[in-house]
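The values are calculated or read from the model by the stated rules, or taken from the named source; none is laboratory data. Treat the numbers as computed from the prediction; the structure is a model and nothing was measured. With ideal geometry, Cβ positions are generated from the backbone for all residues, glycine too; neighbour counts draw on all protein chains shown.
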Amino acid sequence: MMGVITRRALGAAALALPAVARAQGNDQGNNAGSWPSRPVRVVVPFPPGGSNDAVARPLAEHLQARLGQPFVVENRPGAGSTIGSAEVARAPADGYTLMVTSSTFSTSAAVQRTPYDPSGDFEAVAMAAVAPLVVVAAPSFPPNNLAELAAYVRANPGKVDYGSSGPGSINQMGAELFAQKAGGLHMQHVPYRGMGPATTDLAAGTIQVIFTTIPSARGVISSGRVKVLGWTGENRPASGPQAPTPRESGLPDYEAGIWWGLLARRGMPPAIRDRINAVANEALSGGRLAAYLESEGALPTPLSAAEGDAFLQRDLAQWREVASKGNIRIE
């Protein structure tokens with residue numbers, strides 16, 4: 001299961017950041033050598049303009065300002081993020097090739113064959129943020145919360161259509177995990193080319209439910225064209241609608257959401273990895289990156305490199321299990 005990250009734990013981590021950053025800076029000459037002595041690539045395995053790009057660019061600017069070399073963002077989209085990820089997997093583990101990615105890294109690996117081992121070839125250098133999904137329904141759909149949704153689907157197996165941005169997306173996987181945790185429910189998956197068309201069809205009543213991000217649903221929520229059933233995580237965004245969390249809905253074992261993080265080829269020298277981690281965590285405390293994450297309904301997640309890597313491994317394992325149980329596969 002995606003690790004539960006409490007606000008208390010995050011607060012403690014944030015308070016420790018200045019001391020960590022100073023320690024890493026003091027160790028630069030002894031442990032990190034001359035790194036970085038040339039520009040660093042920051043691969044984004046998605047097209048320009050999306051949430052991963054919006055995280056990568058202010059993060060790269062902060063790393064560049066603090067570490068004194070260009071951090072150059074390169075978009076390498078395609079095949080559910082696997083094309084850009086494969087480039088990073090082939091790069092030397094020397095700190096000069098990094099990758100900003102999201103939950104798609106895990107869900108894509110769970111549903112299709114990848115030209116790399118997502119667990120063995122990559123490590124998390126820093127986590128940026130996590131955000132729960134919001135579950136919204138067509139206005140005429142009878143359920144008004146997650147508990148009622150589970151009961152309705154249980155009484156009407158196969159008759160509830162939910163939309164997603166495509167096979168293997170976090171939208172599909174979050175809905176499938178809900179169905180599994182609620183007792184093996186059966187809903188019909190309707191894949192779209194992005195959440196825009198899915199949200200439009202939801203408001204029109206063509207489909208009944210979507211599990212999506214706040215930015216994707218903000219317009220239809222604020223205009224009252226859909227109703228909010230609940231959140232898929234316990235850390236409910238302060239700026240989001242007041243709706244029950246899974247625990248408040250009687251589903252304490254259910255948690256799904258999107259994350260953004262900084263990954264690299266496994267085997268980077270620990271001193272370089274920890275230095276990047278400390279500087280990246282600084283960027284979460286203010287500026288453009290923090291403002292963007294707040295707009296996404298996301299909670300900044302300043303974990304250590306080891307904590308971030310443990311989080312990544314749990315996430316990969318969770319979605320592999322969900323895909324296996326749900327027989328979700330892209331050939």
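Does any residue of the stretch 84-103 turn out to be of a type in the set (S, T, N, Q), more than 30 Å from GLU294 (Cβ to Cβ) and in a loop (DSSP other than H, G, I, E, B)? For the stretch 84-103, residues of a type in the set (S, T, N, Q), more than 30 Å from GLU294 (Cβ to Cβ) and in a loop (DSSP other than H, G, I, E, B): absent.
Listed here are the residues, each with its yes/no results for (1) farther than 30 Å from SER285 by Cα; (2) outside any helix (DSSP H, G or I); (3) modelled with pLDDT under 95; (4) among the hydrophobic types (A, V, I, L, M, F, W, C).
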{"position": "GLY120", "(1), (2), (3), (4)": "yes, yes, no, no"}
{"position": "MET127", "(1), (2), (3), (4)": "no, yes, no, yes"}
{"position": "VAL135", "(1), (2), (3), (4)": "no, yes, no, yes"}
{"position": "ASN144", "(1), (2), (3), (4)": "yes, yes, no, no"}
{"position": "TYR162", "(1), (2), (3), (4)": "yes, yes, no, no"}
{"position": "GLY174", "(1), (2), (3), (4)": "no, no, no, no"}
{"position": "VAL190", "(1), (2), (3), (4)": "yes, yes, no, yes"}
{"position": "GLY196", "(1), (2), (3), (4)": "yes, no, yes, no"}
{"position": "LEU202", "(1), (2), (3), (4)": "yes, no, no, yes"}
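Residue pairs whose Cβ atoms lie under 7 Å apart, sitting 6 or more positions apart in sequence or on different chains, and linking a residue in the stretch 56-76 that is closer than 13 Å to TRP35 by Cα and in contact (Cβ under 8 Å) with a residue 12 or more places away in the chain to a partner that is of a type in the set (Gly, Ala, Ser) and in a helix (DSSP H, G or I), are LEU63/ALA280; PHE71/ALA60.
Let me confirm something: among VAL153, VAL125, VAL134, which residue is touching a residue at least 24 places away in the same chain (Cβ under 8 Å) and over 22 Å from the mean Cα position of the chain (by Cα)? Of VAL153, VAL125, VAL134, the one residue that is touching a residue at least 24 places away in the same chain (Cβ under 8 Å) and over 22 Å from the mean Cα position of the chain (by Cα) is VAL153.
Only one residue in ALA298, ALA290 is within 23 Å of ARG218 (Cα to Cα), aliphatic (A, V, I, L, M) and surrounded by fewer than 19 Cβ atoms within 10 Å (Cβ to Cβ), so which one is that? Residue meeting the stated conditions: ALA290.
Going through the stretch 220-240 one residue at a time, which ones are modelled with pLDDT of 90 or more, surrounded by 14 or more Cβ atoms within 10 Å (Cβ to Cβ) and not basic (Lys, Arg)? Matches in the stretch 220-240: VAL220, ILE221, VAL226, VAL228, LEU229, GLY230, TRP231, THR232, GLY233, GLU234.
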